[in-house]
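**Student:** Pasting in a structure now, in structure tokens, and then I'll have a few things to ask.
Laboratory data are not the source of any read-out in this text; all were calculated from the coordinates shown. Bear in mind the structure is a predicted one, so any value in this text is a computation, not a measurement. No Cβ is skipped: glycine too gets one built from the backbone with ideal geometry, and neighbour counts run over all protein chains shown.
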């Protein structure tokens, strides 16, 4: 069974909620007692700390990746190419004239060659993993508060994309 305490250290600086509080300004930090949540300061300017027992992280599903985020990842894959956004995905042309498109499939970043058939219509070519190291990709996704561990689905985190929706 997943427990939030096993993942908290990966999301330092991430927005949190305590209990049913709608206050979005809680931040996960480390203080002298370990991982805690800072909810602001008192009138004397002293930080107010809460233990993490009743906290939920506020995370983004990978489906919330913006075009800018995809472009950053595409440049991490092959920065020397000129990437542009076409139909919501980064696309670049290699020196060999092959168009490459950066995409996610089942949460795995891939590059696919885009081939034009004889009718000038685009078709998918081969797909292959990016050359972004797993560590570099994980660091990027964690630093942008993406849920990499299914915490939203297991109820240990809140989906950031649903917070401001009216019922």
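**Student:** At residue 96 and residue 153, where each label point lies 7 Å from the Cα along Cα→Cβ, what is the point-to-point distance in nanometres?
**Tutor:** Going from the residue 96 label point to the residue 153 one covers 3.6 nm.
**Student:** What distance in nm lies between label points placed 7 Å from Cα along the C-beta direction at residue 66 and residue 2?
**Tutor:** Calculated label separation equals 2.5 nm.
**Student:** Treat the range 56-103 as a sphere of radius equal to its Kirkwood radius over Cα pairs and apply Stokes-Einstein at 10 °C in a medium of 1.306 mPa s; give the translational diffusion coefficient in µm²/s, rounded to a whole number.
**Tutor:** 137
**Student:** What FRET efficiency do you get for residue 44 and residue 163 if R0 is 35 Å and r is their Cβ-Cβ distance, rounded to the nearest 0.05?
**Tutor:** 0.70
**Student:** Using a simple spin-label model with points 7 Å from Cα along the Cα→Cβ vector, what separation in nm is obtained for residue 80 and residue 18?
**Tutor:** Label at residue 80, label at residue 18, 5.2 nm between them.
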